[in-house]
Amino acid sequence: MTETTTHRRAPRSAREILRTISYEIMPFRGTEDAVLEHVPVDVPLTVTVTEAKGIEATIGLAANLTARGYRVAPHIAARMVKDTAHAKDLAAQLTETAIDRVFVVGGDAPVPAGEFTEALDLLRVFAETAAFTRTGIGGYPEGHANIADVDLAAALAAKAPLATHVITQICFDARTTVDWARRVHRDHPDLDVVIGVPAPVSRQKLMRIAGGIGLGQSARFLRKQQNTIWKLIRPGGYRPDKLLRAFEPHLAAPDVNIAGIHLFTFNELAGAEAWRRSLLARLDAG
């Protein structure tokens with residue numbers, strides 16, 4: 001059963017939020033070694049799921065890193081789950097490997113593996129059969145290319161009672177994200193908002209990732225994320241500093257309930273950690 005909130009917590013300070021940044025990683029060859037080499041054990045992690053690698057690779061990496069002391073939430077895509085029995089088996093695998101958190105998405109597979117077609121299907125089974133302390137879902141401050149805004153709002157309303165937090169998709173407009181977070185807090189006051197922000201990443205790394213996801217999924221990744229990719233590979237490169245500075249005045253605001261920052265690392269872990277350490281040094285100096 002998903003952990004529920006019975007009392008509103010006091011807003012966290014901007015400094016506290018920035019000190020507890022989490023990382024998203026991808027289950028590729030060498031990812032585990034890169035995490036162990038570059039990422040401190042107190043940095044929370046999520047592990048994405050891809051059609052090419054399958055759910056098993058995601059859970060395997062999450063289990064290995066959990067055994068090393070990391071707090072890890074594997075992504076589980078509903079459209080890759082065959083049925084209720086499969087969902088219950090996945091929940092059992094996570095429990096057996098001491099994974100106490102999960103991030104549930106609908107997934108981009110054009111053809112579902114079975115009867116599940118959206119995140120809500122999977123969330124309902126997990127809520128009945130698992131004991132996760134943290135259950136995350138995805139949020140879309142700029143909307144979704146294939147889903148009407150009214151349908152997105154209805155889906156969030158259905159999923160919110162089964163989740164503890166929502167992680168936003170990448171949005172480079174801080175005002176759009178903050179306004180969206182304000183609406184989420186108004187409608188779902190117990191749902192924490194975690195803002196997804198791209199880590200510093202090179203053009204070469206993005207292209208390698210897009211090519212490594214798998215042919216069909218890679219094409220969908222490029223199509224869905226093309227606006228994001230152009231912003232990340234613009235001349236001079238990209239760093240999250242400007243975006244975070246725009247968010248900073250709102251991080252402790254009581255009407256938005258921002259609970260954290262989540263870095264989409266694209267597995268550029270050495271660069272992400274170097275950037276995070278520079279941010280912490282700036283906070284200490286300030």
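The protection proxy used here, the mean number of other Cβ atoms lying within 10 Å of each residue, ranks peptides 263-272, 103-112 as follows, highest first: 263-272, 103-112. Overall, segment 105-180 carries a charge dipole of about 280 debye about its Cα centre when +1 sits on the Cβ of Lys and Arg and -1 on the Cβ of Asp and Glu, all other atoms neutral. Descending by average beta-carbon neighbour count within 10 Å, the peptides 25-35, 240-250 line up as 25-35, 240-250, the highest first. Counting charges near Glu115 (Lys, Arg +1; Asp, Glu -1) among other residues having Cβ under 14 Å from its Cβ returns a value of +1.
What is the percent carbon and sulfur in the accessible area of segment 1-143, measuring with a 1.4 Å probe over the protein chains and ignoring ligands? Here it works out to 49 percent. Each distinct pair of alpha carbons in segment 89-153 adds a 1/r term; the inverse of their mean, the Kirkwood radius, is 13.4 Å. Gain on full extension, evaluated as 0.36 nm per residue between Asn146 and Glu56 minus their Cα-Cα distance, stands at 29.6 nm. Compared with the direct C-alpha span, the chain from Leu283 to Ala246 gains 11.8 nm at full extension, assuming 0.36 nm per residue. Here segment 112-185 has an Rg and Dmax of 13.3, 39 Å, counting Cα atoms alone. Ordering Ala52, Ala109, Ala145 by Cα displacement along the dipole of segment 50-166 toward the positive end leaves Ala52 in first place; charges were set at the Cβ atoms of Lys, Arg (+1) and Asp, Glu (-1).
Against the empirical 2.2 N^0.38 Å (N residues), segment 38-149 has a Cα radius of gyration ratio of 1.06.
The values are calculated or read from the model by the stated rules, or taken from the named source; none is laboratory data. Note that the structure is predicted; figures quoted are calculated from it, not measured. Because the Cβ atoms are built from the backbone with ideal geometry, glycine has one as well, and the counts that use them run over all protein chains shown. Note: areas computed on protein heavy atoms with side chains; ligands, DNA, RNA excluded. Shrake-Rupley method; radii C 1.70, N 1.55, O 1.52, S 1.80 Å.
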